[in-house]
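The values are calculated or read from the model by the stated rules, or taken from the named source; none is laboratory data. Quick caveat, the model's predicted, so the values are computed rather than measured. FYI the Cβ positions are ideal-geometry reconstructions off the backbone, even for glycines, and counts take in every protein chain you see. These accessible areas exclude ligands, DNA and RNA; they are computed on the full protein's heavy atoms, side chains included. Shrake-Rupley method; radii C 1.70, N 1.55, O 1.52, S 1.80 Å.
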Amino acid sequence: MTAFRLRVTDALSAKSKAIEMRIVRAGAGSFHGDAETLVACATPEDFLAESKRIPTRLSEAQTSQQIPGGIVIVFRGVTGNQNLPFVGAIKAEVQAGFRRRRDGAAIITEFVNDLFLTQATRLYKIGFMVAPAVRQADASGWRAIVFDHKIVPSNREAAAIYFYESFLGCGFMEDSAYETARFFNLTQDFAKSRITDRATRHAVQDSLYTYVKNDQAPTFTVEEFADRHVPLEIRDNYRGFMVSKQFPERAIRRDTAELTTRLRRRKFKYGTDIEFSASPEAIADGRVTIDTLPPEDGSAGAEKTVITISEPFVRET
């Protein structure tokens, strides 16, 4: 039990892999409803009987055959200075490996194919809900924390949607700085990977910098950026791309805190050892222009780039 407790504590304290979420679905028929029932169970026998619905709920959430199977562990306890009751559910993927044991004077190595909750690979997900000190009629005061080994700080959406949304009934907290940065990064990805015409690609990227950094509106939406700055012929593709990446359609509060360095300078690289940088404002107001010329005489040679700077030379750095 000590090893299990340490495994759960270690996972939920890993800030890069565990995130607090908001409870979207509450009450009867939800994981939150099950948690309310489970923290109130008077005996271990009651807890065992009531907890059987949790694996069924997870099975119903796993609608794709590509989702790996595993073992479900349901547990409860108390946490914090106030000894607040909690309920947790672990979905652990089973692994194969080796273990070593001593048999008399001999050391035997055995192959096992049912390892789970190993610390090295962390192939498991944890849903953890903590009840408030004073219980409300709804989910008010409850906290939900989700651990997923696939989460990385720059991409929270790597978390399995079937687990946190379909199974746990949770959604991401609103985080304006993160969402602004993600909008910027996804739109950049779309421009680089989906827009083949270089002039169009540069125009969309130029507009993105100006839109995110200098627009005075307190909020923004994908729809607004698409209507203003994405050419009509690729506008639907852009909207579909953002939907496929699960970017919200609602208005996002503009917060460039996570983009401060990137918005300061735009950098361009040519060949293997030529780099050029300028502020987004210098490009937007035409003090710097970047034009691409086709190969001379219609040959198959490399294109040429002409950079025009309408400012006096100051110094070499």
Check: Which angle from 0 to 90°, rounded to the nearest 10, does the C-alpha axis of helix 198-214 make with the longest principal axis of the chain?
Finding: 70
Notebook entry, point to check: Using alpha-carbon positions, what is the distance between the centroids of the range 262-286 and the range 205-243, in Å?
Noted result: 21
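For the chain, report the accessible area per residue in Å² (1.4 Å probe, heavy atoms, rounded to an integer).
Details: 18670 Å² over 317 residues.
For the chain, the per-residue accessible area is 59 Å².
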Check: Could you sort His32, His229 by accessible area so the largest value comes first, with the probe set to 1.4 Å?
Finding: His229, His32
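What does the net charge come to around Arg228 if you take all other residues with beta carbon closer than 14 Å to its beta carbon, with K and R at +1 and D and E at -1?
Around Arg228, the surrounding residues sum to -3.
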Next item on the list: Do me a favour and compute the ellipsoid semi-axes for the range 216-256 from its Cα gyration tensor, root of five times each eigenvalue, largest one first, whole Å.
Entry: 19, 13, 6
Note to self: With every protein chain left in place and a probe of 1.4 Å, what is the accessible surface of Val94, to the nearest 10 Å²?
What the structure shows: 70
Next item on the list: Per DSSP H run of at least 4 residues, take -39500 (n - 2.57); add these up for the chain, divide by its residues and hand me the 222 nm value, nearest 500 deg cm²/dmol.
Entry: -10000 deg cm²/dmol
Item checked: Gaussian network model of the chain, Cα within-10 Å springs - most flexible of Arg254, Arg102, Arg266 -> Arg102
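Considering only protein heavy atoms and a probe of 1.4 Å, how much of the accessible area of the chain is carbon and sulfur, as a whole percent? Provide the component values of the computation, followed by the final result.
On the way: 9380 of 18670 Å².
C and S fraction of accessible area: 50 percent.
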Check: If you average the sequence gap of Cα pairs under 8 Å that are 6 or more apart and divide by the length of the chain, what percent do you get for the contact order?
Finding: 14
Checklist line | Exposure of Ser166 as accessible area (Å², to 10), given a probe of 1.4 Å and all protein chains | finding: 50
Next item on the list: Determine how large the accessible area of Phe98 is when every protein chain is in place; take a 1.4 Å probe and give Å² rounded to the nearest 10.
Entry: 150
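How high is the FRET efficiency from Leu263 to Gln136, r the C-beta distance, R0 41 Å, rounded to 0.05? Each step should come with its number before you reach the end.
Details: r = 42 Å, r/R0 = 1.03.
So the FRET efficiency works out to roughly 0.45.
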Next item on the list: Using Cα pairs closer than 8 Å and at least 6 residues apart in sequence, work out the relative contact order for the range 163-317, in percent.
Entry: 20
Check: For the range 1-99, max minus min Cα coordinate along each principal axis, in Å, sorted largest first?
Finding: 39, 32, 30
Margin query: Tell me the angle of helix 232-244 to the major Cα principal axis of the chain, expressed in degrees between 0 and 90 and rounded to the nearest ten.
Written below: 20
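For Arg101 and Ala177, compute 0.36 nm times the residue count separating them, minus their Cα-Cα distance, and round to one decimal in nm. Each step should come with its number before you reach the end.
Working: separation 76, 0.36 × 76 = 27.36 nm, distance 5.14 nm.
Here the answer is 22.2 nm.
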Notebook entry, point to check: With each pseudo-label sitting 7 Å past Cα toward Cβ, what's the Ile274-Arg228 distance in nm, one decimal?
Noted result: 3.4
Check: Applying 1/(1 + (r/R0)^6) with R0 = 41 Å to the Cβ-Cβ distance of Arg315 and Asn237, what FRET efficiency is obtained, to the nearest 0.05?
Finding: 0.40
Notebook entry, point to check: Extension gain Val24-Lys245, at 0.36 nm per residue separation less the Cα-Cα distance, in nm?
Noted result: 77.6 nm
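Within the range 193-253, list the trypsin sites (Lys or Arg not before Pro) lying in a DSSP loop whose Cβ has at most 11 other Cβ atoms in a 10 Å radius. Intermediate values should be presented prior to the final figure.
Working: sites: Arg194, Arg198, Arg201, Lys213, Arg228, Arg235, Arg239, Lys245, Arg250, Arg253; in loops: Lys245, Arg250.
Here the sparse-neighbourhood loop sites are Arg250.
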